[in-house]
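Before any comments, here is the structure.
The values are calculated or read from the model by the stated rules, or taken from the named source; none is laboratory data. The shown structure was predicted, so the numbers you read here are calculated from the model rather than taken from an experiment. Here Cβ is always computed from backbone atoms with ideal geometry, including for glycine, and neighbour counts include all displayed protein chains.
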Amino acid sequence: MGLVRMGLMAVALCVTAVSFSVAPSSASAQTTADDEARALFEAGRLAFSRGRYEQALGNFQEAYELSQRPALLYNIGTTFDRLRRDQEAIDAFEQFLEAQPESDLVPEVQERVRILRENQRPDLSPEAVAAASGTDTQTGTPTQPAERDNRIVKKWWFWTIIGVVVVGAAVGIGVGASGGGQQGPLPYDANTFTVEL
């Protein structure tokens with residue numbers, strides 16, 4: 001499965017590269033933007049191949065802003081996926097599907113979106129964590145009054161009672177195991193002489 005996915009990604013990167021090379025350029029300003037977008041795409045492809053996903057993402061996004069080539073949305077989605085930014089990957093993949101409904105990559109992208117939705121990891125960005133915890137990201141103060149946790153397992157006296165019960169049970173088991181009575185002969189008693197005076 002991994003080799004198939006890597007192969008499809010290589011095809012997508014080649015499709016993106018080809019779309020840059022056959023792009024019509026009517027004006028020199030457009031040519032300059034295409035050249036810059038092509039250079040950013042190549043830099044992104046190199047960064048991606050070296051595992052520098054943040055850098056690759058920035059390059060692919062800038063290339064897309066300049067060229068508006070939908071094939072770059074696949075690269076952006078794949079890079080977001082590698083960065084474990086599920087919702088952003090889903091968004092980029094859905095934009096790709098909308099812009100390129102006839103692409104050979106559609107079945108793979110649809111399956112990837114399905115998997116991402118089923119296994120969506122929580123957003124651990126500082127903003128999302130602050131929102132989930134009810135904290136203002138600017139000031140660090142709670143945005144809602146804190147509720148008091150009155151569960152019994154949060155009380156100090158509950159755990160003190162549990163500790164006393166456990167220690168008492170251990171002592172009781174220890175005393176019970178010792179028999180409390182007379183011990184039988186020791187292994188060396190048979191070889192011992194009793195000396196009477």
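If you go through the range 46-89 and keep only what is over 22 Å from the mean Cα position of the chain (by Cα), more than 22 Å from LEU116 (Cβ to Cβ) and not in a helix (DSSP H, G or I), you end up with GLN68, ARG69.
One residue is enough: does the range 117-127 have a residue meeting the conditions among the hydrophobic types (A, V, I, L, M, F, W, C) and in a helix (DSSP H, G or I)? No, the range 117-127 contains no residue that is among the hydrophobic types (A, V, I, L, M, F, W, C) and in a helix (DSSP H, G or I). Within the range 31-75, the residues that satisfy the criterion of being touching a Ser or Thr at 6+ places or on another chain (Cβ under 6 Å) and over 21 Å from VAL109 (Cα atoms) are THR31, ASP34, ALA37. A single entry from ILE115, ILE162 fulfils the requirement of being surrounded by 10 or more Cβ atoms within 10 Å (Cβ to Cβ), at pLDDT 75 or above and in the same structural domain as ASN75 (by TED's automatic domain parsing): ILE115.
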